[in-house]
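Read the structure below first, then the notes.
The values are calculated or read from the model by the stated rules, or taken from the named source; none is laboratory data. The structure presented is a predicted model; accordingly, all values stated were derived computationally and were not measured. Positions of Cβ are generated from backbone atoms using ideal geometry, with glycine treated the same way; all protein chains shown enter the neighbour counts. Keep in mind that these areas ignore ligands, DNA and RNA; they rest on the heavy atoms of the full protein, side chains included. Shrake-Rupley method; radii C 1.70, N 1.55, O 1.52, S 1.80 Å.
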Amino acid sequence: MSRIPQPFIDDLLNRLDIVEIVDKRVKLKKTGKNYSACCPFHNEKTPSFTVSQDKQFYYCFGCGASGNALGFVMEFDKTDFVDAVESLASSAGLQVPKEESHSKSSKPKQDFKSLYKLLADCSEFYQEQLKEHPDRSKAVKYLQERGLTGHIAKTYGMGYAPQGWNNLLSKFGLTEDDCKALITAGMVIDNTEDNKRYDRFRHRIMFPILDTRGRTIGFGGRVLGEENRVGADGKKMKGGGPKYLNSPETPVFHKGKELYGLYQARQANRTLKHLLVVEGYMDVIALAQYGITNAVATLGTACGEEHLKLAFKYTNTIVFCFDGDKAGRTAAKRALENAIPVMHDGYQIKFLFVPEGQDPDSLVRQIGPERFAELVAKGSPLEEFFFDVLSEDLDTTSMGGRARLSKLAAPLLHKLPKSVYRELMFELLAQRTGLNQDILQELIAEPVPKLAPDELTPTKLQSPDTQHDTPPPHDDGFIPAFDGEPTPYESYFAQQVPLNSTSANTQTQQLATHSSKIKLPAHKLAIRLLLENPALAHRIQTLELPESPETTHLLRLFHFLKLRENPTFNSIVGAWLGIFGPDAKEDLLDATATEVLGQAKKSPAFDDYQELQDALSKLQQQADERQRRQALSQLHSKPFNTLSPEDKQQLLDLLASGKSKTPSKTE
């Protein structure tokens, strides 16, 4: 793990001119001492967005967005703190230093900048061919027949891979190292048997695949003409070969972790009320052509748990849109199966099936975007689709049908994360079958049914219930093992509870069911999670922590977010500056000046809501421990022979609750 030093950030901001940074993204106009423009963060006709060159600060009188150059880049470019720092440092010609931790488990971070650059160059090459190549007419005709404009093609970076075996090799494979880089990037195939190298994509419409930072990481290619339907190795295949060909797995491209169109969806929508998951590249682009800019697609695979976790980082609602044929129903069942383990409270998943013979592309052209949006809003909720799928071929009016439904449903529902939603689903099953929940709980050990054929089963991922198997670290405020001559208090405790007793406070055990491996103070972790995803505050009913130097800003932030629907990072920081002053603002931002969380979020097992709950639980544990110490201190101040039976029982309880704690040196 590494951290960006705060002095570097301060020096970087001192070197930059916020007017120059903003003007590159939003055209500013000089108005007296300051600069103004229409706010890029909300729709307005009269400029209310002001940039102060003297204060190096921006503020919108309309929506309240405010901050410095770093905050503006984060909000406008829709990027995280570390990426924004690197972007600004690059524009200033500076190298971002990192403070390395001393953890033995830290591994050197691989640098794939040259690979990203090569893939970006390939994308630019394909786009140029779509405009200039002598044989581009067939590609252009295909796009025109699909009703796409030049603007939408440019937005999604569409291009053309010409016929021929060595277009990329000739342009970018000038040295042996260049050829190896093309092979690593998946753009060139190295056929060792024939001792030949050739381009993977030939005579295809090209769809660059971008990661969440907008970097090209791979490609999808749609063949032009049936005569060209051959495999990547250049040989004709039975059945005509693949119509769509994707990049292989590479160091920067993992199709099970990426969603096509997610970057464009985030750029086009300040907030994503929902994401529409469709089956193909052209569905995403055709919907965008009609103003529906929140569609994404998986990359030739079923929508798995990692896809869903990625999507839920940017929205609380996902709508699956499938074809109404048998293949579409099968894909929907696979999506349902993968959605169950990630359905935390506050998430919503719907299923929409377009009429058989249609797809989202053709349907939106036929009925228009307004009617299509109405259909999306009426999609079947997961709970409804779940019981529809399991009730197929069952007579649920009969006793045998209800018994079969309960045996099918209970093991699947057991895979839901422990939550209110899980309890409600079991309650719904109880209503449908007439069985009480105690009996249903006995059925969770039944074999988990497959909703889709075995050959379509996705790769199994670690269950959210078991992805953390170590207890959360505690502070060093534990009651140590007895050393030397025991005090009267310790002797009394030893008579009542064996020294190796595992007796513990029940509430503390419950709080320790999940642990975070992120080495940040709990209050800083909670603040950063809330700043990055303010919607998390609405998933927590109340936050009752004792006021302390660590919890002051956290409590203020929580109550601030609870009163607002969609606050931005900049509006939060601006409010802090105006309400609590510059020192308080810096204290709040202190939690964001670290790469630790950014690194952890790259893990497919990362769950920001669970991490927030863990941080809050740990803060509560620390508060309870402080109260326990205080009570112990008060009892220790009394002579032992003056303790009442109630005092002795309290002493016993306090010592027992502390005895189970394990010291940690990692805080």
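Take the stretch 51-80 and flag every residue that is among the β-branched types (V, I, T) and either assigned to a loop (DSSP other than H, G, I, E, B) or more than 22 Å from E586 (Cα to Cα) (or both).
Matches in the stretch 51-80: T79 only.
Looking only at residues in the stretch 235-274 that are at pLDDT 85 or above and of a type in the set (G, A, S), which one is farthest from the chain's Cα centre (by Cα)? Step through it out loud before you land on a result.
First pass over the stretch 235-274, keeping only residues at pLDDT 85 or above: 243-269, 272-274.
Remaining after also requiring of a type in the set (G, A, S): 247, 256, 261, 265, 268.
Details: S247: 23, G256: 14, G261: 15, A265: 14, A268: 18 Å.
The selected residue is S247.
Do you know which of the residues in the stretch 643-667 that are open to solvent by less than 80 Å² (accessible area, probe 1.4 Å) and over 26 Å from K618 (Cα atoms) is modelled with the lowest pLDDT?
Among those that are open to solvent by less than 80 Å² (accessible area, probe 1.4 Å) and over 26 Å from K618 (Cα atoms), it is K648.
Among all residue pairs at least 6 apart or on different chains, which show Cβ distances below 9 Å where the first residue, located in the stretch 85-107, is closer than 20 Å to R15 by Cβ and the second is among the charged types (D, E, K, R) and modelled with pLDDT of 85 or more?
S91/E20; S91/K24; V96/E86
Filter the stretch 14-39 down to the residues that are under 29 Å from the mean Cα position of the chain (by Cα) and either among the acidic types (D, E) or surrounded by fewer than 17 Cβ atoms within 10 Å (Cβ to Cβ) (or both), then identify the one that is nearest to S91 (Cα to Cα). Quick ask: steps written out before the conclusion?
Filtering the stretch 14-39 for residues under 29 Å from the mean Cα position of the chain (by Cα) gives 21-22, 24-26, 39.
With either among the acidic types (D, E) or surrounded by fewer than 17 Cβ atoms within 10 Å (Cβ to Cβ) (or both) added as a condition, the list becomes 24-25.
On the way: K24: 11, R25: 13 Å.
Once the filter is applied, the top-ranked residue is K24.
Restricting attention to the stretch 158-167, does a residue exist that is open to solvent by 40 Å² or more (accessible area, probe 1.4 Å), within 22 Å of K255 (Cβ to Cβ), at pLDDT 90 or above and out of contact with any Pro (no Cβ under 7 Å at 6 or more places or on another chain)?
no
Any residue at all in the stretch 132-153 that is hydroxyl-bearing (S, T, Y), surrounded by fewer than 20 Cβ atoms within 10 Å (Cβ to Cβ) and either within 18 Å of N246 (Cβ to Cβ) or under 30 Å from the mean Cα position of the chain (by Cα) (or both)?
Step one: filter the stretch 132-153 for residues hydroxyl-bearing (S, T, Y), giving 137, 142, 149.
Add one more test, that the residue is surrounded by fewer than 20 Cβ atoms within 10 Å (Cβ to Cβ), and what stays is 137, 142, 149.
Among the residues that remain, those that are also either within 18 Å of N246 (Cβ to Cβ) or under 30 Å from the mean Cα position of the chain (by Cα) (or both) are: none.
Checked against the condition, which is being hydroxyl-bearing (S, T, Y), surrounded by fewer than 20 Cβ atoms within 10 Å (Cβ to Cβ) and either within 18 Å of N246 (Cβ to Cβ) or under 30 Å from the mean Cα position of the chain (by Cα) (or both), the stretch 132-153 yields no hits at all.
Does A139 satisfy being aliphatic (A, V, I, L, M), modelled with pLDDT under 95 and within 19 Å of G261 (Cα to Cα)?
No, not satisfied.
Name the residues in the stretch 313-332 that are in a helix (DSSP H, G or I) and under 15 Å from G280 (Cα atoms), would you?
If the condition is that a residue be in a helix (DSSP H, G or I) and under 15 Å from G280 (Cα atoms), then A327, G328, A331, A332 are the ones that fit.
Quick one: in the stretch 275-315, of everything that is among the acidic types (D, E) and under 20 Å from the mean Cα position of the chain (by Cα), which residue is surrounded by the most Cβ atoms within 10 Å (Cβ to Cβ)?
It comes out as E305.
Part of a strand (DSSP E or B), open to solvent by 10 Å² or more (accessible area, probe 1.4 Å) and at pLDDT 90 or above: is that true of L352 in this structure?
Considered against the rule, which asks whether it is part of a strand (DSSP E or B), open to solvent by 10 Å² or more (accessible area, probe 1.4 Å) and at pLDDT 90 or above, L352 comes out as yes.
Name every residue in the stretch 414-427 that is part of a helix (DSSP H, G or I), open to solvent by 50 Å² or more (accessible area, probe 1.4 Å) and within 23 Å of G401 (Cα to Cα), in order of residue number.
Matches in the stretch 414-427: E423, L424, E427.
Report whether or not A593 is within 25 Å of Y59 (Cα to Cα), at pLDDT below 75 and part of a loop (DSSP other than H, G, I, E, B). Even if it seems obvious, please write down each step before you answer.
Values: within 25 Å of Y59 (Cα to Cα): yes; at pLDDT below 75: yes; part of a loop (DSSP other than H, G, I, E, B): yes.
It is true that A593 is within 25 Å of Y59 (Cα to Cα), at pLDDT below 75 and part of a loop (DSSP other than H, G, I, E, B).
Give the residue that is nearest to G218 (Cα to Cα), with candidates limited to residues of the stretch 165-176 that are touching a residue at least 24 places away in the same chain (Cβ under 8 Å) and in a helix (DSSP H, G or I). Break it down stepwise before answering.
As a first pass, look at the stretch 165-176 and keep what is touching a residue at least 24 places away in the same chain (Cβ under 8 Å): 165-169, 171-173.
Okay, now just the ones that are also in a helix (DSSP H, G or I), so 167-169, 171-172.
Details: N167: 17, L168: 14, L169: 17, K171: 18, F172: 16 Å.
Result: L168.
Name the residue that is nearest to the chain's Cα centre (by Cα), counting only residues in the stretch 59-79 that are over 20 Å from A268 (Cα atoms) and open to solvent by 10 Å² or more (accessible area, probe 1.4 Å).
For the stretch 59-79, the residue satisfying everything is L70.
With the requirement that a residue be in contact (Cβ under 8 Å) with a residue 60 or more places away in the chain, of a type in the set (A, V, I, L, M, F, W, C) and under 19 Å from E306 (Cα atoms), what does the stretch 271-285 give you?
Answer for the stretch 271-285, where residues must be in contact (Cβ under 8 Å) with a residue 60 or more places away in the chain, of a type in the set (A, V, I, L, M, F, W, C) and under 19 Å from E306 (Cα atoms): L276, V278.
Please verify whether D54 is among the charged types (D, E, K, R), surrounded by fewer than 19 Cβ atoms within 10 Å (Cβ to Cβ) and at pLDDT 85 or above, treating the condition exactly as stated.
So D54 does not fit the description; no.
Go through the stretch 552-587 and give me each residue that's in contact (Cβ under 8 Å) with a residue 60 or more places away in the chain and open to solvent by 70 Å² or more (accessible area, probe 1.4 Å).
N566
Can you name the condition, by its number, that K107 falls short on among (1) assigned to a helix (DSSP H, G or I); (2) modelled with pLDDT under 85?
(1)
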